[in-house]
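Visitor: Structure incoming, see below.
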Amino acid sequence: LGFNFQQSLIKAIIEDKKYGDTIIDVIDSKYFENASFKYIMENVKEYYDGYNKIPEYETIAQKIMAENGANKESGKRHIDTLEAIKGFDQKDIDYVKDTALNFCKQQNLKKELKVVSTIIESGEFESYNKIEIFC
């Protein structure tokens, strides 16, 4: 899923707090191709982990600037990307939300199935109770 899709997704997470709360636990910054998108998403997730809510644009910008104090160029690049996301004119946002949520759930399911498969293949009987969590 391309640049505009990813940009729309970040915008949806930040601006639609209910949607952000829904997807934040299953989304991973590695799903984004653009380095600034990854960095912004990492900051959104870190903030969410600390405060249990999706941050506002201004809060993310402050966090980025605080972390990149010595590296002004890097911080500015991420802030510029954040501003572009904020000003981006979203189209088909419902499609973006549904597609992204389904994709993230699928990726997490794949990861969990690998864990289950490893437990079964290794014959770790003492770890079978971990499989019950997934059932």
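The values are calculated or read from the model by the stated rules, or taken from the named source; none is laboratory data. Just so it is clear, the structure is predicted and the values come from calculations on it, not from any experiment. Note: ideal-geometry Cβ built from the backbone for every residue, glycine included; neighbour counts use all protein chains shown. All accessible areas refer to the heavy atoms of the entire protein, side chains included, with ligands and DNA or RNA removed. Shrake-Rupley method; radii C 1.70, N 1.55, O 1.52, S 1.80 Å.
Visitor: MET65: net charge of surrounding residues, Cβ under 10 Å, Lys/Arg +1, Asp/Glu -1, itself excluded?
Guide: Local net charge: +2.
Visitor: Could you do me a favour and compute the accessible area per residue for segment 1-109, 1.4 Å probe, result in Å²?
Guide: Accessible surface, normalised per residue, equals 56 Å².
Visitor: Relative to the longest principal axis of the chain, what angle (0 to 90°, nearest 10) does the C-alpha long axis of helix 57-67 take?
Guide: That works out to roughly 80 degrees.
Visitor: Let me ask something additional. Counting only GluC sites (Glu not before Pro) that sit in a DSSP loop (anything but H, G, I, E, B) with at most 15 other Cβ atoms within 10 Å, what is the longest stretch of the chain containing none of them?
Guide: It runs 57-123.
Visitor: What is segment 1-123's relative contact order, in percent, from Cα pairs under 8 angstrom and six or more apart in sequence?
Guide: So the answer I get is 30 percent.
Visitor: Compute the angle between helix 72-87 and the longest alpha-carbon principal axis of the chain, please, reported from 0 to 90 degrees and rounded to the nearest 10.
Guide: 90
Visitor: Filter the trypsin sites (Lys or Arg not before Pro) in segment 19-94 down to the DSSP loop ones having no more than 11 other Cβ atoms within 10 Å, then list what survives.
Guide: In loop regions of segment 19-94 (DSSP not H, G, I, E or B), the sparsely surrounded trypsin sites (Lys or Arg not before Pro) are LYS91.
Visitor: Using just the helices of the chain, give the 222 nm mean residue ellipticity in deg cm²/dmol: DSSP H runs with n ≥ 4 each add -39,500 (n - 2.57), and the total is spread over all residues, rounded to 500.
Guide: Using -39500 (n - 2.57) per qualifying helix, the result is -24500 deg cm²/dmol.
Visitor: Continuing with this model, one more query. What is the sum of charges, Lys and Arg at +1 and Asp and Glu at -1, for the other residues whose Cβ falls under 12 Å from the Cβ of SER36?
Guide: -1
Visitor: Largest first, how would MET41, MET65 line up by accessible area (1.4 Å probe)?
Guide: Largest to smallest exposure gives the sequence MET65, MET41.
Visitor: To continue, here is another question. Rounded to whole Hz and in sequence order, give me ³J(HN,Hα) for segment 9-24 from the Karplus expression 6.51 cos²θ - 1.76 cosθ + 1.60, θ = phi - 60°, writing x for Gly and Pro.
Guide: Karplus-based 3J(HN,Hα) across segment 9-24 equals 5, 4, 4, 4, 5, 6, 8, 9, 4, 5, 5, x, 4, 6, 9, 4 Hz.
Visitor: Please identify the chymotrypsin sites (Phe, Trp or Tyr not before Pro) of segment 66-114 that satisfy two criteria: DSSP loop assignment and at most 14 other Cβ atoms within 10 Å. Which are they?
Guide: Taking segment 66-114 and a limit of 14 other Cβ atoms within 10 Å, the loop chymotrypsin sites (Phe, Trp or Tyr not before Pro) found are PHE88.
Visitor: Also: Could you calculate the contour length gain from ALA35 to LYS53, that is, 0.36 nm times the residue separation minus the distance between their Cα atoms, to one decimal place in nm?
Guide: Contour length minus Cα-Cα distance gives 4.1 nm.
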